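These notes concern the structure reproduced below.
The values are calculated or read from the model by the stated rules, or taken from the named source; none is laboratory data. Source: prediction; values computed, not measured. Here the Cβ positions follow ideal geometry from the backbone for every residue, glycine too, while neighbour counts run over all protein chains shown. Surface accessibility is based on the protein's heavy atoms, side chains included, excluding ligands, DNA and RNA. Shrake-Rupley method; radii C 1.70, N 1.55, O 1.52, S 1.80 Å.
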Amino acid sequence: TVGAGRGDGRRVAVLLSGSGANLVLTSRTESELLELDKVDWTTERQYFSCYSDASNEIDSKKLVASAVEKFPSMDYLINAVGGPVLKPFAKLMAGEIKMLFNADLRTGFFAATHEGEGVMVEVSLIH
């Protein structure tokens, strides 16, 4: 789950942990990442957490490479990245839309270029 540090991303991660899924949990906030390691995950499978800023191309590529190294197959990518801009969609400026797309879609794009099959779910926070 990309964006598992808080909010919808964290709730999705907790729900998936009960399904027996292997989890790769990310956050761009160090303190939230440390909190992820304290959660009593109900999964009988494996998980690991790592820092990743989904709006950063290098971070996104490293995240996908680390995830594939740890778990060769990826069944689901839940991309629940919180956006850097919170206002109604109709009031967004062109630069703000670019920032949202970079944050929300970048990791999913790099994950989609990985060989294999799976499902990507994009959780967007645009009003």
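Key figures
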quantity	calculated
Those residues of segment 20-33 which are touching a residue at least 24 places away in the same chain (Cβ under 8 Å) and not in a strand (DSSP E or B), in sequence order	GLY20, ALA21, ASN22, ARG28, THR29, GLU32, LEU33
Residue among SER17, SER52 that is crowded, with 19+ Cβ neighbours inside 10 Å, touching a residue at least 40 places away in the same chain (Cβ under 8 Å) and touching a Ser or Thr at 6+ places or on another chain (Cβ under 6 Å)	SER52
Residue in segment 33-47 that is modelled with the lowest pLDDT, counting only those that are open to solvent by 40 Å² or more (accessible area, probe 1.4 Å) and either polar (S, T, N, Q) or closer than 16 Å to SER66 by Cα (or both)	THR42
Residue ID - nearest to ALA13 (Cα to Cα), chosen from residues in segment 56-102 that are open to solvent by less than 50 Å² (accessible area, probe 1.4 Å) and in a loop (DSSP other than H, G, I, E, B)	ALA80
